[in-house]
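Everything on this sheet refers to the single structure shown next.
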Amino acid sequence: MLRLEAIVIACAVAAQFLSALLALRLIGLTKRSVAWLSIAAAITLMAFRRLESLLALLSGDPSFTPNLLFEVNGLVISLLMLVGMYLIRPIFSALTRSEVHQR
């Protein structure tokens, strides 16, 4: 049976990868490829770091001792990042429509 820590870390990893994907999708809308690529790369690196923790936990590495409070904190931050990436798209869409309308 999976430990609670493993489930929390796995959810955080999934949220971070989804956040990175949403950041990449904003390139087409905003035409700011360097900015969104940088953000997506940073989020992806954070996801790989958490994935490393998940793999250490699942492999039974005795040197890895997860702290549930720390892992839940990481999950909350990851979920907030995902929600932020999701909610920012309509703002950029409205700005783009406004620019087109003004022209």
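Every read-out reported here was derived from the displayed coordinates using simple, explicitly stated rules and does not represent laboratory data. This is a predicted model, so every value here is computed, not measured. Cβ placement follows ideal geometry from the backbone for every residue including glycine, while neighbour counts extend to all protein chains displayed.
Per-structure values
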{"quantity": "Criterion violated by residue 26 - all others in (1) without any contact (Cβ under 8 Å) to a residue 60 or more places away in the chain; (2) aliphatic (A, V, I, L, M); (3) buried (at least 19 other Cβ atoms within 10 Å of the Cβ) satisfied", "calculated": "(1)"}
{"quantity": "Residue 70 being of a type outside the set (Asp, Glu), outside any helix (DSSP H, G or I) and either over 11 Å from the mean Cα position of the chain (by Cα) or buried (at least 17 other Cβ atoms within 10 Å of the Cβ) (or both)", "calculated": "no"}
{"quantity": "The lone exception for residue 36 - which of (1) surrounded by 14 or more Cβ atoms within 10 Å (Cβ to Cβ); (2) farther than 30 Å from residue 96 by Cα; (3) hydrophobic (A, V, I, L, M, F, W, C); (4) in contact with a Leu (Cβ under 7 Å, 6 or more places away or on another chain) it fails", "calculated": "(2)"}
{"quantity": "Neighbours by Cβ (under 8 Å, 6+ apart or cross-chain): first from the range 62-79, in contact (Cβ under 8 Å) with a residue 60 or more places away in the chain and under 15 Å from residue 14 (Cα atoms); second surrounded by 11 or more Cβ atoms within 10 Å (Cβ to Cβ) and among the charged types (D, E, K, R)", "calculated": "71/5; 74/50; 78/50"}
